[in-house]
Amino acid sequence: MEVGTVRRVDIEQTMRSAYLSYAMSVITARALPDVRDGLKPVQRRILYAMWDMNLRHEQAPRKSARIVGEVLGKYHPHGDAAVYDAMVRLAQDFAMRYVLVDGQGNFGSVDGDGAAAMRYTEARLSALGEEMLVDLEKNTVSFAPNFDGSLQEPQVLPAKLPNLLVNGVNGIAVGMATNIPPHNLGEVVDAMAYLIDRYDDIEDITVDELMRFLPGPDFPSAGTILGVEGIQQAYATGKGSLLVRAQAHIEEMRGGHSAIVITELPYQVNKAGFIERIADLVRDGRLEGIGDLRDESDRRSGMRVVVELKRGQEATPLLSQLLKQTQMQTTFGVNMLALVDGEPRVLPLKRILALTIEHRRDVLVRRTQYELDRALARAHVLEGLIIALNHLDEVIDTIRRSRTAETAQQNLMAKFKLTEIQARAILDMQLRRLAAL
């Protein structure tokens, strides 16, 4: 029985090449976003599948399980949990600065609650999510075969929304990670407009100039960024560290009590875990002077965590202790890593803005060329119809004398110097359309 051949290989070299292949697959096909649309492949496929299903923001939503099945079956042959988790995050207003998916049902909370099972929730594109895909059908981006070659999927979205900066991203690849904070849409657009107006002198534009329009990140859970040095470093080099502090104030209560009221938390801090941490510190005796701890948050008034103090307790020293011992103050490590032409690059702010502008310019050029080609093709057909109308009786006589449609087409082309497209358009035209013409 033949069992094959034996090859002597260098185990170190074989493992290195195999692991490198795996690492590049994770980097380019899973964990890192493309700088042009700011999306990871699974996010792009979710939005494209919803667009293909006509789930516009004014249409009725569809079951999440139906959407996940569409993505799995056509574009993303991985686990359904991975696809659903990615879709849930696109719909969470505490995770995304501007949601791209409009979710209906339980899509989780800032307390760390998970979303309901996909069979219970529904979703559709949000209005801004649609802007990521506008003009997709006008040859604005390149398509590639899906995993089994049966369908085509976009390699990048037209992305009218500067999504990489607006919504940020975090992801862990092999040997590298990305952590880009979200920003305010109006401020990002102002910075891009400033860059466009001075595009010929883009090399001379400084970070300080851009920060006049884009002063810093804008987290969906709000909070206050302390100092500008970390922001300047992150924008100038692509890497930096931001110190983010919760928003809190002191309120006087009945009976001589005072309370520390927290209305904003740093980005990605779990509110329930934060409250539990305070309770643990009180229980262990590491925080003293707290009489009561309540979560009074609701949808109408937003976040409100009340730390009520005992009678006579000073609030300011306790607030300092909370900042030191809880997540009321955290560090956000900025690492603006994204794929540029399929390769991971750490990008300063100006480079991200410039690449986004270049992508939109390419999209607009391709869209204009597509519309021009269609207009020229239509004009070509109309020129043939004008010739037919000017010689209507002869055209009808020529068609009547022809034995087949193919013969009629050849005779029209020969007699009136028409192209094949023009002759076919004349033959396809119904007689009743002559009245309108």
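The values are calculated or read from the model by the stated rules, or taken from the named source; none is laboratory data. Here the structure is a predicted model, which is why all the values come from computation and not from measurement. Cβ atoms come from the backbone with ideal geometry, glycine included; neighbour counts cover every protein chain shown. What goes into the accessible areas is simple: the full protein's heavy atoms, side chains included, and nothing from ligands, DNA or RNA. Shrake-Rupley method; radii C 1.70, N 1.55, O 1.52, S 1.80 Å.
Could you please find all residues in the range 427-437 being more than 24 Å from LEU376 (Cβ to Cβ) and open to solvent by 50 Å² or more (accessible area, probe 1.4 Å)?
GLN430, LEU431, ARG432, ALA435
Could you grab me the full set of residues in the range 398-426 that are within 20 Å of LEU376 (Cα to Cα), open to solvent by less than 60 Å² (accessible area, probe 1.4 Å) and of a type in the set (A, V, I, L, M, F, W, C)?
MET413, LEU418, ALA423, ALA425, ILE426
Taking the range 191-208, which residues are part of a helix (DSSP H, G or I) and surrounded by 15 or more Cβ atoms within 10 Å (Cβ to Cβ)?
Result: ALA191, MET192, TYR194, LEU195, VAL207.
So which residues in the range 140-158 are touching a residue at least 60 places away in the same chain (Cβ under 8 Å) and surrounded by 15 or more Cβ atoms within 10 Å (Cβ to Cβ), if there are any at all?
Of everything in the range 140-158, those that are touching a residue at least 60 places away in the same chain (Cβ under 8 Å) and surrounded by 15 or more Cβ atoms within 10 Å (Cβ to Cβ) turn out to be THR140, VAL141, ASN146, GLU153, PRO154, VAL156, LEU157, PRO158.
Is it the case that LEU55 is closer than 20 Å to VAL174 by Cβ, under 28 Å from the mean Cα position of the chain (by Cα) and of a type in the set (A, V, I, L, M)?
no
Only one of ALA116, ALA86, ALA123 is part of a helix (DSSP H, G or I), modelled with pLDDT of 95 or more and surrounded by 14 or more Cβ atoms within 10 Å (Cβ to Cβ); which?
Every option except ALA86 fails the conditions.
Which one of ASP373, ASP393 is without any contact (Cβ under 8 Å) to a residue 24 or more places away in the chain and over 26 Å from ASN139 (Cβ atoms)?
None of the others qualify; the one that does is ASP393.
Could you check how many residues of the range 231-265 are without any contact (Cβ under 8 Å) to a residue 40 or more places away in the chain, open to solvent by 60 Å² or more (accessible area, probe 1.4 Å) and more than 16 Å from LYS310 (Cβ to Cβ)?
The number of residues fulfilling the criteria is 4.
Quick one: how many residues across the range 1-54 are open to solvent by 60 Å² or more (accessible area, probe 1.4 Å) and among the acidic types (Asp, Glu)?
Of the residues in the range 1-54, 4 are open to solvent by 60 Å² or more (accessible area, probe 1.4 Å) and among the acidic types (Asp, Glu).
Identify, from the list VAL188, VAL141, the residue that is among the aliphatic types (A, V, I, L, M), within 18 Å of the chain's Cα centre (by Cα) and farther than 15 Å from ARG351 by Cβ.
The unique qualifying residue is VAL141.
If only one of VAL395, VAL363 is closer than 30 Å to ILE196 by Cα, open to solvent by less than 40 Å² (accessible area, probe 1.4 Å) and aliphatic (A, V, I, L, M), which one is it?
So the residue among VAL395, VAL363 that is closer than 30 Å to ILE196 by Cα, open to solvent by less than 40 Å² (accessible area, probe 1.4 Å) and aliphatic (A, V, I, L, M) is VAL363.
Take the residues in the range 283-324 that are within 16 Å of GLU251 (Cα to Cα), assigned to a strand (DSSP E or B) and acidic (Asp, Glu); name whichever of them is least open to solvent (accessible area, probe 1.4 Å).
GLU308
Which condition from (1) part of a loop (DSSP other than H, G, I, E, B); (2) among the small types (Gly, Ala, Ser); (3) over 26 Å from the mean Cα position of the chain (by Cα) is the one that ALA259 breaks?
(1) is the only condition that ALA259 fails.
Applying the selection to the range 150-177, what residues are modelled with pLDDT under 95 and not in a strand (DSSP E or B)?
Within the range 150-177, ALA173, VAL174, GLY175, MET176 qualify.
A quick yes/no check of all residues on (1) touching an Asp or Glu at 6+ places or on another chain (Cβ under 8 Å); (2) more than 24 Å from GLN43 (Cβ to Cβ); (3) modelled with pLDDT of 95 or more; (4) outside any loop (DSSP other than H, G, I, E, B):
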residue	(1), (2), (3), (4)
ASN179	no, no, yes, yes
GLU187	yes, no, yes, yes
PRO215	yes, yes, yes, no
SER221	yes, no, no, no
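Given the structure, is PRO217 in contact with a His (Cβ under 6 Å, 6 or more places away or on another chain) and closer than 29 Å to VAL261 by Cα?
yes
Tell me the residue from THR326, THR316 that is closer than 30 Å to GLY171 by Cβ and of a type in the set (Ser, Thr, Tyr), please.
Checking each option against the conditions leaves just THR326.
Based on what the data block shows, is GLY103 within 17 Å of the chain's Cα centre (by Cα), under 19 Å from ASN179 (Cβ atoms) and either not charged (D, E, K, R) or not in a loop (DSSP other than H, G, I, E, B) (or both)?
no
Each row is one residue, and each column tells you yes or no for (1) among the hydrophobic types (A, V, I, L, M, F, W, C); (2) in contact with a strand residue (DSSP E or B) (Cβ under 8 Å, 6 or more places away or on another chain).
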| position | (1), (2) |
| --- | --- |
| LEU136 | yes, yes |
| ALA144 | yes, yes |
| GLN152 | no, yes |
| LEU157 | yes, no |
| VAL169 | yes, yes |
| ALA173 | yes, yes |
| TYR194 | no, no |
| ASP197 | no, no |
| ILE205 | yes, no |
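Check whether at least one residue in the range 328-346 is of a type in the set (Lys, Arg) and either in a loop (DSSP other than H, G, I, E, B) or open to solvent by 30 Å² or more (accessible area, probe 1.4 Å) (or both), and report yes or no.
Yes: the range 328-346 contains one or more residues that are of a type in the set (Lys, Arg) and either in a loop (DSSP other than H, G, I, E, B) or open to solvent by 30 Å² or more (accessible area, probe 1.4 Å) (or both).
Within the group LEU55, LEU39, which residue is in contact (Cβ under 8 Å) with a residue 24 or more places away in the chain, hydrophobic (A, V, I, L, M, F, W, C), part of a loop (DSSP other than H, G, I, E, B) and under 17 Å from VAL141 (Cβ atoms)?
Checking each option against the conditions leaves just LEU39.
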